[in-house]
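Encoded as C-alpha cells, the structure appears first; notes follow it.
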Amino acid sequence: MVKHNNVVPNQHFHKQWQRRVKTYFDQAGAKKRRRQARLERAKNIGPRPTAGFLRPVVRCQTSKYNIRVRQGRGFTRAELKAAGINIRQARGIGIAVDHRRVNRSVESLEANVARLKHHLAHLVVFPRRKGLPKNGDSSPEDLAAATQFTGELQSITQAAKAADEFVEISAELSEFKAYRKLRGERTNARYIGKKTKTQIAAEEALKNPAKKGKKGKKSKK
C-alpha cells in the first residue's frame, strides 16, 4: 500500500541488459598486438631512436602549474641558433622545431641550448646513400658501433622542492602589521595618479607663486 507523498513504484525489469554489456576479453591479445606494433615500428625507423624527436623543456601554463616543467612542441629559432644548428637540418637529425614559441627568459634558453648540445655530442649521423658520406656525417667507426636507442630522450625531471627555512621571531617582526601594510600599499597604488598630480601642482605653485588679486563687485543699476 502506498503511503505518504512518495514516488509511485515504476521499476523497469525488461531492459535486456545482457545485450548492452561490453566485455574486454581481448586484453591479453591487445597487449601482444601493441608490443608487436612497437617492435615493428622500431624496426622500420631504425637506427633512429624509438622515442622520436628530441623536444625542449617548457613551463606548464597558468600560475597554478608553472612551477612544473614538461616537454614542449619544439625548439625555437633562437635556441637552434645558439646551439649552432641550421633550422632546415634540425628535423633531419631528430630535433623538433616550433616556429611559434618565443623565449621569454634566459633560463629557458640556456637550458634548451644545453639540451641540444648534449644531443649533438651523442649523435651519430648516417649518410643518406650508403658508402657516399657527406660533410657532417659520422665516421665509419661510429657507424659500426651505433645501436638503436630505445629509451626516453633526455628524460625531464622536476626540480627538488626547496626546504623550509625557520627564522626566529624578533620584536620587529612581532610588531609588524602585515595586513595594514598591504592595505596601505594597495591604497597608494590606487591613488598614485591623483597623488602625483597633486604633488606636481604643489611643486609648480612653489616655483611660480600665484599673485592674489581681488575682483571688484559689479554695481547694480
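Looking at (1) modelled with pLDDT of 85 or more; (2) among the acidic types (Asp, Glu); (3) part of a helix (DSSP H, G or I); (4) over 22 Å from Arg55 (Cα atoms), which is the only condition Glu168 fails?
Answer for Glu168: the failing condition is (3).
Going by the structure shown, is Glu185 modelled with pLDDT under 95, closer than 30 Å to Gln61 by Cβ and open to solvent by 90 Å² or more (accessible area, probe 1.4 Å)?
Here the answer is yes, as Glu185 does meet what is asked.
Just to be sure I understand, how many residues within segment 32-50 are of a type outside the set (Lys, Arg) and either open to solvent by 80 Å² or more (accessible area, probe 1.4 Å) or closer than 30 Å to Val106 by Cα (or both)?
So the count comes out to 5.
Determine whether Asn86 is open to solvent by less than 80 Å² (accessible area, probe 1.4 Å), in a loop (DSSP other than H, G, I, E, B) and more than 17 Å from Pro49 (Cβ to Cβ).
yes
Are there any pairs with C-beta distances below 9 angstrom linking a residue in segment 117-146 that is at negative phi to a residue that is hydroxyl-bearing (Ser, Thr, Tyr) and not in a helix (DSSP H, G or I), with the two at least 6 apart or on different chains, and if so which?
Note: pairs meeting the criteria are Leu123/Ser138; Val124/Ser138; Val125/Ser138; Phe126/Ser138; Pro127/Ser138; Pro133/Ser139; Ala146/Ser138.
Go through Gly151, Gly94, Gly74, Gly131 for me and flag whichever is in contact with a helix residue (DSSP H, G or I) (Cβ under 8 Å, 6 or more places away or on another chain) and open to solvent by less than 90 Å² (accessible area, probe 1.4 Å).
Of Gly151, Gly94, Gly74, Gly131, the one residue that is in contact with a helix residue (DSSP H, G or I) (Cβ under 8 Å, 6 or more places away or on another chain) and open to solvent by less than 90 Å² (accessible area, probe 1.4 Å) is Gly94.
Within the group Phe53, Phe25, which residue is surrounded by 12 or more Cβ atoms within 10 Å (Cβ to Cβ) and either without any contact (Cβ under 8 Å) to a residue 24 or more places away in the chain or under 26 Å from His118 (Cβ atoms) (or both)?
Answer to the check: Phe53.
The values are calculated or read from the model by the stated rules, or taken from the named source; none is laboratory data. None of these values were measured; they are calculated from a predicted model. Note that we place each Cβ from the backbone using ideal geometry, even for glycine, and neighbour counts take in every protein chain shown. Keep in mind that these areas ignore ligands, DNA and RNA; they rest on the heavy atoms of the full protein, side chains included. Shrake-Rupley method; radii C 1.70, N 1.55, O 1.52, S 1.80 Å.
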